[in-house]
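The values are calculated or read from the model by the stated rules, or taken from the named source; none is laboratory data. Everything numeric here is computed off the predicted structure, so don't read it as measured data. FYI the Cβ positions are ideal-geometry reconstructions off the backbone, even for glycines, and counts take in every protein chain you see.
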Amino acid sequence: MEVLYKSTRSDIAPVKASQAILKGLSEDGGLFVPDRIPALDKSLSELSKMTYGEVAYEVMKLFLTDFTEEELKNCINKAYDSKFDTEEIAPLVEADGAYYLELFHGATIAFKDMALSILPHLLITSAKKNDVKNEIVILTATSGDTGKAALAGFAGVEGTKIIVFYPKNGVSPIQEKQMVTQKGDNTHVVGIHGNFDDAQTGVKTLFNDKELAKEMEEAGFQFSSANSINIGRLVPQIVYYVYSYAKLMAEGEIKEGEVINVVVPTGNFGNILAAYYAKNMGLPIGKLICASNDNKVLYDFFKTGTYDRNREFVLTTSPSMDILISSNLERLIYRIAGESSEKNAELMGALTGEGKYTITEDMKALLDDFYGNYASEKETAEVIKALYEQCGYVIDTHTAVAASVYGKYKEDTEDETKTVIASTASPFKFTRSVMEAIDTKYSSMGDFELVDELSKIANVSVPNAIEEIRTAPVVHKTVCDRTEMKTVVKDFLGIK
Ligand SMILES: *Cc1c(COP(=O)(O)O)cnc(C)c1O
């Protein structure tokens, strides 16, 4: 049965999956959502015998219903190949009573590779299917990890250009170095004076700029998005929850049908929404544990029913979660509003206008699947140190936020259900924060000295992604104000 994609903000005509992938965002400013969430049509025991690529096909075919089997398998094979440093693609590691689902074995050692390795192929396929002749310009705001993962995914892909905006002082030194050294004639990287929300709002404004769209069309370009609002990113993220469950079954850790919990370190709400979709497809997930850092908008939301972005933006050691507007939450709001685009549009209007909204008691009752909590900077560092000292296992700062919140969840609820923690970045990506958490003596060491030291103490070899940037020259030097973003884009594209 065909799945179509409708907007969360109005009742305009639904589009096919390939069209939703091409557009990224609906014309009315809403996000695309599937008109129904399909049920898994393979049993869990069948899935438990499959490779990552095979599970990917079984999940994605149910959502991307206008792709042929050949098209979809072709995209999957191109994405989940030797770019990943393990054939398992997403291995599970048991440590201190939880299963860490390592989503960082791709090209840029963060979980965004899971979706961004396949998005360019889904996009090119979608363009062909819809007779698109324009060159596709990927416009992306990043809090650090999306940028590099998108750049790596799109670099050199014919028929595409990519422009990435990041907050100049809001990403880690290694994240910045990874981006500004990106090779490929079709890539552009720009630092902006402001935080991630400024970058994201700026990108959204460009997407909705009708005049710019017309100028682009005349010059043979059209925008698309690689941000986690694109369903071409959301759908591939559902896969690893299904895969992790299947793997726990295959390894005899759980019985078929046994309920598990998942903990997700959350920023833009894309990753945890994928887990929610997996649950709605029939995967036996109990609680979806939403972990935030000091930017705890989501924790407050789950507690009070009020989403309020009017607060100080805090820079933390988990910068990819330093977000006050979690864009993908809109898809959940739409769902708990009974799929009413009118009600959702009203709440999103309040978010834009007053910076906050409150959901009704009825809506709040539908959030029972979720548990929200947060970890302070101190708690995050403590959990890194404790896990290392107890198990010799080193996790990154984002994963540590999740691990800390998992501890709070168990204390609050005494729920001992087996639990998968989404491990979203390699500790090598946030080496300084990780090493300083383990021992303050590391503060005096240089960035790459720390990399080598981490490799030693964790007994893990330095990932390729890090080796590459040791000596790579900086090739992207543009920095601008938020108000200059449009001019910068037009410059890159040669539009006057
Ligand atoms: C992007 C990111 C997150 C947050 O994921 P969302 O889907 O935006 O909630 C968490 N950890 C890391 C390392 C990330 O890169």
| remark: Of (1) over 30 Å from VAL314 (Cα atoms); (2) hydroxyl-bearing (Ser, Thr, Tyr); (3) in contact (Cβ under 8 Å) with a residue 60 or more places away in the chain, THR108 satisfies every one except (1)
| query | Can you tell me how many residues in region 224-246 are in a helix (DSSP H, G or I) and not aromatic (Phe, Trp, Tyr)? | reply | 12
| field | Subset of region 59-78 [within 22 Å of the chain's Cα centre (by Cα) and touching a residue at least 60 places away in the same chain (Cβ under 8 Å)] | value | VAL59, MET60, LEU62, PHE63, LEU64
| field | When residues of region 411-432 are limited to those that are surrounded by 17 or more Cβ atoms within 10 Å (Cβ to Cβ), away from the ligand (no atom under 12 Å from the Cβ) and not hydrophobic (A, V, I, L, M, F, W, C), the one modelled with the highest pLDDT | value | THR419
| query | Hey, any hits in region 108-130 for a residue that's in contact with a Cys (Cβ under 7 Å, 6 or more places away or on another chain), under 29 Å from LEU4 (Cα atoms) and of a type outside the set (A, V, I, L, M)? | reply | yes
| remark: Checked GLU88, GLU69 against criteria (surrounded by fewer than 22 Cβ atoms within 10 Å (Cβ to Cβ) and under 30 Å from GLU416 (Cα atoms)); the one match is GLU88
| task | Evaluate the following for ILE325: is it in contact with a Leu (Cβ under 8 Å, 6 or more places away or on another chain) and under 27 Å from ASN195 (Cβ atoms)? | result | yes
| task | Need at least 1 residues that are assigned by TED's automatic domain parsing to the domain that holds ALA150 and touching a His at 6+ places or on another chain (Cβ under 6 Å) per element, so show me which helices (runs of 4 or more DSSP H) inside region 167-223 make the cut, counting only ones lying wholly within it. | result | 173-180
| Applying the selection to region 23-43, what residues are hydrophobic (A, V, I, L, M, F, W, C) and out of contact with any Gly (no Cβ under 7 Å at 6 or more places or on another chain)? | LEU25, LEU31, PHE32, VAL33, ILE37
| When GLY97 is evaluated against the numbered criteria (1) surrounded by 15 or more Cβ atoms within 10 Å (Cβ to Cβ); (2) over 21 Å from the mean Cα position of the chain (by Cα); (3) assigned by TED's automatic domain parsing to the domain that holds ALA246, which criterion, by number, is the only one it fails? | (1)
| Is there a residue being among the charged types (D, E, K, R), surrounded by fewer than 18 Cβ atoms within 10 Å (Cβ to Cβ) and either more than 12 Å from the ligand (Cβ to nearest atom) or modelled with pLDDT under 95 (or both) anywhere in region 240-247? | no
| task | Please work out which residue is surrounded by the most Cβ atoms within 10 Å (Cβ to Cβ), limiting yourself to region 22-52 and to residues that are modelled with pLDDT under 95 and part of a helix (DSSP H, G or I). | result | LEU22
| The one condition in (1) within 20 Å of the chain's Cα centre (by Cα); (2) surrounded by fewer than 17 Cβ atoms within 10 Å (Cβ to Cβ) that ILE163 fails to fulfil | (2)
| Quick one: in region 208-239, which of the residues that are of a type in the set (Lys, Arg) and without any contact (Cβ under 8 Å) to a residue 40 or more places away in the chain is farthest from the ligand (Cβ to nearest atom)? | LYS214
| query | Here are some conditions: (1) away from the ligand (no atom under 16 Å from the Cβ); (2) within 16 Å of the chain's Cα centre (by Cα). HIS105 meets all but one. Which one does it not meet? | reply | (1)
| said: Against the definition (at pLDDT 95 or above, within 16 Å of the ligand (Cβ to nearest atom) and not small (Gly, Ala, Ser)), how does TYR80 come out, yes or no? | reply: no
| message | Anything in region 255-281 that is away from the ligand (no atom under 16 Å from the Cβ) and buried (at least 22 other Cβ atoms within 10 Å of the Cβ)? List them, or say none. | response | ASN261
| message | So if I check each of ILE124, ILE138, which one is surrounded by fewer than 23 Cβ atoms within 10 Å (Cβ to Cβ) and more than 16 Å from the ligand (Cβ to nearest atom)? | response | ILE124
| Applying the selection to region 334-379, what residues are among the β-branched types (Val, Ile, Thr) and either farther than 24 Å from ASN261 by Cα or touching a strand residue (DSSP E or B) at 6+ places or on another chain (Cβ under 6 Å) (or both)? | THR352, THR358, ILE359, THR360
| said: Against the condition in a strand (DSSP E or B) and within 30 Å of ALA381 (Cα to Cα), how does ILE272 come out, does it pass? | reply: no
